[in-house]
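Below is one structure, written out as structure tokens, with a few remarks after it.
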Amino acid sequence: MRVHLKTLGCRLNEAELEAWARDFQQQGISPSGSPDEADLLVINTCAVTEEAVKKSRKLLRRAQRDNPRAKLVVSGCYASLNPEQAAADLGVDLIVPNTDKERLAEIAIRELRLPTMPVTAMAPDSYSPLQHNRQRAFIKVQDGCRYRCSYCIVTLARGEERSRAIPEIIEEINRLTEQGLKEVVLAGVHLGGYGSDNGSDLKQLVEAVLADTDMPRIRLGSLEPWDLPEDFWALFSNPRLMPHLHLPMQSGADSVLRRMSRRCRRDEFLTLVETARRQIPDFNITTDIIVGFPGETEDEWRQTLDFVEQAGFGHVHIFAFSPRSGTKAAMLPHPVPRELKRQRSEELHQLAERLRQERLRQELGKIGEVLVEGSPRKTDQGLLWSGYLPNYLRVSFPSPDNLENRILRVSIQDLEKDELRAVPQGQAG
């Protein structure tokens, strides 16, 4: 038996795919890179926007068309929110809702009566993302969310908050360290809510990971800005915790944030940013901004532009508001016209790019450490490798050697075609 796994949407979906691949492999069902060669197709769907729903449905139809003989298993937010509709799509053999997706491989094997070979299967630690040309692994530590932001459907799709036990997370990270990985990202739907159901919290988790694993580089996934305790920044005194956070703000106008049911205000966020940069050298903060939320006035939009300027984000993910059925925001009055959303998005793109360039120029002349990724580009000067600095800024540098998955010390010398260019100084780890 061979299984092909495919996902749409967030990093958490990717982390789930990695876990499923390991679970199937432990039962002698090998991952396949090609859907055409697979006996089983598993698709992790997304429903964060109406466009994501369309993509999920399209992916299901294409999977059945391209390999009609394979069994088709569907999970994820689209399948959980619309099980009847998903089941009606051509060829779906089994739907596993989000509440059961931790046991997807077990359920699929049982319900579809799949042949397994657990006695001769590969060992539990034999599967590694490195086999798939990936240098970092996403570790799902938490699922579900207690909040109800007015534009978000994911809280309905993912359900109540559920946290993994710290020893289980430590065991997974140590296994990945033994396999040669050098970076993990702790991820969750509401990462800052980790431990709300088991008497722990995110700070305790990070302290345990730093104390009980030897993983060289540890990152945190997207965090709500109101979830950070006052003593949180002290964690970054350990150089293994990478100095970058993605803190989704969504707007810079308090009046819009109230309509969004967000729990952080503009001045609170700016104070948080100032504190982080004062305490942690080279700290990089990125964010999400929704453009054209219902009722967004010109004054509110100007407040958002001013906020982004003051915060000095290293990168801004920009989303034009699209009503998602089933959310409160989809029913709000005074929708912003499509053309105005387009104009505002372009204005924000220009501002965000200027800020990104300014942030990149701050790195010129510095020495930094880069986790080198695979698939170097071929240029007239030879191979051009790339990777990320601890603060998640991308750097490229030439070398004829195979440097994949090494932590390399580089001297950052230039900014060329919107990309930092460096010269290798030696292997750091």
TODO: Could you tell me which residue of the stretch 17-48 is farthest from GLU111 (Cα to Cα), considering only residues that are in contact with a Lys or Arg (Cβ under 6 Å, 6 or more places away or on another chain) and buried (at least 20 other Cβ atoms within 10 Å of the Cβ)?
DONE: ALA38
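Per-residue answers, yes or no, for (1) among the charged types (D, E, K, R); (2) more than 25 Å from THR286 (Cβ to Cβ); (3) touching a helix residue (DSSP H, G or I) at 6+ places or on another chain (Cβ under 8 Å):
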residue: LEU364; (1), (2), (3): no, no, no
residue: LEU371; (1), (2), (3): no, no, no
residue: ARG377; (1), (2), (3): yes, no, no
residue: SER386; (1), (2), (3): no, no, no
residue: LEU393; (1), (2), (3): no, no, yes
residue: LEU408; (1), (2), (3): no, no, no
Task: Only listed residue being assigned by TED's automatic domain parsing to the domain that holds THR275 and either over 30 Å from ALA330 (Cα atoms) or of a type in the set (Val, Ile, Thr) (or both), chosen from VAL206, VAL256 - done: VAL256
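Just to verify a result, which residue in the stretch 57-77, among those that are in a helix (DSSP H, G or I) and free of Cβ contacts under 8 Å to residues at least 40 places away in the same chain, is surrounded by the fewest Cβ atoms within 10 Å (Cβ to Cβ)? Give the steps one after another, and end with the answer.
Step one: of the stretch 57-77, the residues in a helix (DSSP H, G or I) are 57-66, 77.
Going one step further and asking which of them are free of Cβ contacts under 8 Å to residues at least 40 places away in the same chain, we end up with 57-58, 60-62, 64-66.
Working: ARG57: 16, LYS58: 12, LEU60: 23, ARG61: 13, ARG62: 13, GLN64: 17, ARG65: 10, ASP66: 12.
Looking at the filtered set, the residue picked out is ARG65.
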Open item on the list: Please verify whether LEU81 is at pLDDT 80 or above, buried (at least 19 other Cβ atoms within 10 Å of the Cβ) and within 30 Å of PRO333 (Cα to Cα), treating the condition exactly as stated.
Closed with: yes
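Return a yes/no flag: does the stretch 354-374 have any residue that is within 30 Å of SER261 (Cβ to Cβ) and out of contact with any Phe, Trp or Tyr (no Cβ under 9 Å at 6 or more places or on another chain).
If we filter the stretch 354-374 for residues that are within 30 Å of SER261 (Cβ to Cβ), which is where we start, we get 355-356.
Those left that are additionally out of contact with any Phe, Trp or Tyr (no Cβ under 9 Å at 6 or more places or on another chain): none.
For the stretch 354-374, residues within 30 Å of SER261 (Cβ to Cβ) and out of contact with any Phe, Trp or Tyr (no Cβ under 9 Å at 6 or more places or on another chain): absent.
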Open item on the list: For the stretch 214-250, give me each residue that is of a type in the set (Gly, Ala, Ser) and in contact with a helix residue (DSSP H, G or I) (Cβ under 6 Å, 6 or more places away or on another chain).
Closed with: GLY221
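Which residue, of LEU355, LEU371, LEU348, is in the same structural domain as VAL410 (by TED's automatic domain parsing) and either surrounded by 13 or more Cβ atoms within 10 Å (Cβ to Cβ) or not in a helix (DSSP H, G or I) (or both)? Before the answer, list the steps.
Values: LEU355 fails: in the same structural domain as VAL410 (by TED's automatic domain parsing); LEU348 fails: in the same structural domain as VAL410 (by TED's automatic domain parsing).
Criteria check complete, one pass: LEU371.
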Open item on the list: Suppose the filter is closer than 30 Å to PHE321 by Cβ and surrounded by fewer than 20 Cβ atoms within 10 Å (Cβ to Cβ); does GLU51 pass it?
Closed with: yes
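For residues that are free of Cβ contacts under 8 Å to residues at least 40 places away in the same chain and either hydrophobic (A, V, I, L, M, F, W, C) or assigned to a strand (DSSP E or B) (or both), scanning just the stretch 139-164, find the one that is surrounded by the fewest Cβ atoms within 10 Å (Cβ to Cβ).
Quick first cut of the stretch 139-164, residues free of Cβ contacts under 8 Å to residues at least 40 places away in the same chain only: 155, 160-164.
Keeping just the survivors that are either hydrophobic (A, V, I, L, M, F, W, C) or assigned to a strand (DSSP E or B) (or both) gives 162-163.
Working: ARG162: 17, SER163: 23.
Going through the qualifying residues, I end up with ARG162.
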Open item on the list: Can you say whether PRO398 is surrounded by 15 or more Cβ atoms within 10 Å (Cβ to Cβ) and within 30 Å of PHE269 (Cα to Cα), as far as the supplied structure shows?
Closed with: no
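The values are calculated or read from the model by the stated rules, or taken from the named source; none is laboratory data. Nothing here was measured: the structure is a model prediction, and the numbers come from that model. In this analysis, Cβ positions are derived from the backbone assuming ideal geometry, glycine residues included, and neighbour counts consider all displayed protein chains.
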